[in-house]
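The values are calculated or read from the model by the stated rules, or taken from the named source; none is laboratory data. Just so you know, these numbers come straight off a predicted model, no measurement behind them. We place every Cβ from the backbone using ideal geometry, glycine too, and count neighbours over all the protein chains shown. Each accessible area value is taken on the protein alone, full model and side chains, heavy atoms only, with ligands, DNA and RNA left out. Shrake-Rupley method; radii C 1.70, N 1.55, O 1.52, S 1.80 Å.
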Amino acid sequence: MCGRYVSTRSPEDLAQLFRVTDWHPEETLAPSWNVAPTDDVWAVLERPPRGSDDTASLRRQLRPLRWGLVPSWAKDVKVGARMINARVESVHEKPAFRRAFVKRRCLLPADGFYEWEQIKDKKSGKARKQPYFIHPEDGQVLALAGLYEYWRNPEIKPDDDPAAWLMTCTVITTEATDAAGRIHPRMPLALTPDHYDAWLDPRHEDPD
């Protein structure tokens, strides 16, 4: 489970780190040390220019997306609050995620993430949750594997109205097999730079 993470890098830094070609300076997000579900978060993704379906002209974009994936067929945006994570073992077959997994993959930059361990307080004997901040030792940015989706607001009639479309995302999680596993059995799936290009390329449509 990944229910909170930290994102403090500037869009200028992220654009350089991820070799972004399209970023609109008017789109800004404040640094956050407690990113929560339904917050807007930075996402790196690859799409053709607006109005084009030509995959030969893909552009790497830095976009603010709402955390909590809302499937295109959802009747209400509120469903996204329950879809902040997608399990890597089943993401290719779950109705909410399988279409996005094939064509709409993204990277969600993070400084680190939080997990909580259930422990017993020695003084009171009561159980409490101890938070831990998990981050790279070298201070480098984490590139969390994610998916994104478009949701059409039926209450807004014109398709060309920007408010008619909502872009949302989810974090893919995997089994925690390293030191983080002693705190929680699941953790976000982070990709190394040598996998960025393949993950982001929407022309790679084979789920395997």
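A few remarks follow.
- Accessible-area value, THR192, 1.4 Å probe, nucleic acids and ligands omitted, Å²: 70
- For chymotrypsin sites (Phe, Trp or Tyr not before Pro), the sites in the range 48-126 that DSSP calls loop and that have at most 16 other Cβ atoms within 10 Å are TRP73.
- Normalised per residue, the accessible area of the chain is 57 Å², obtained with a 1.4 Å probe and no contribution from ligands, DNA or RNA.
- Of all the options ASP161, ASP22, ASP197, the one that moves most in a Gaussian network model of the chain with Cα springs shorter than 10 angstrom is ASP161.
- Of all the options ALA198, ALA163, ALA86, the one that moves most in a Gaussian network model of the chain with Cα springs shorter than 10 angstrom is ALA163.
- Top of ARG82, ARG105, ARG60 by mean-square fluctuation, Gaussian network on the chain, Cα under 10 Å: ARG82
- Computed [θ] at 222 nm, deg cm²/dmol, the chain (DSSP H ≥ 4; -39,500 (n - 2.57); rounded to nearest 500): -2000 deg cm²/dmol
- Listed by chain and number, the lysines whose C-alpha is less than 23 Å from the C-alpha of LYS103, apart from same-chain residues fewer than 8 away, are LYS75, LYS94.
- Under the combined filter of DSSP loop state and at most 13 neighbouring Cβ atoms within 10 Å, the range 143-208 retains none of its chymotrypsin sites (Phe, Trp or Tyr not before Pro).
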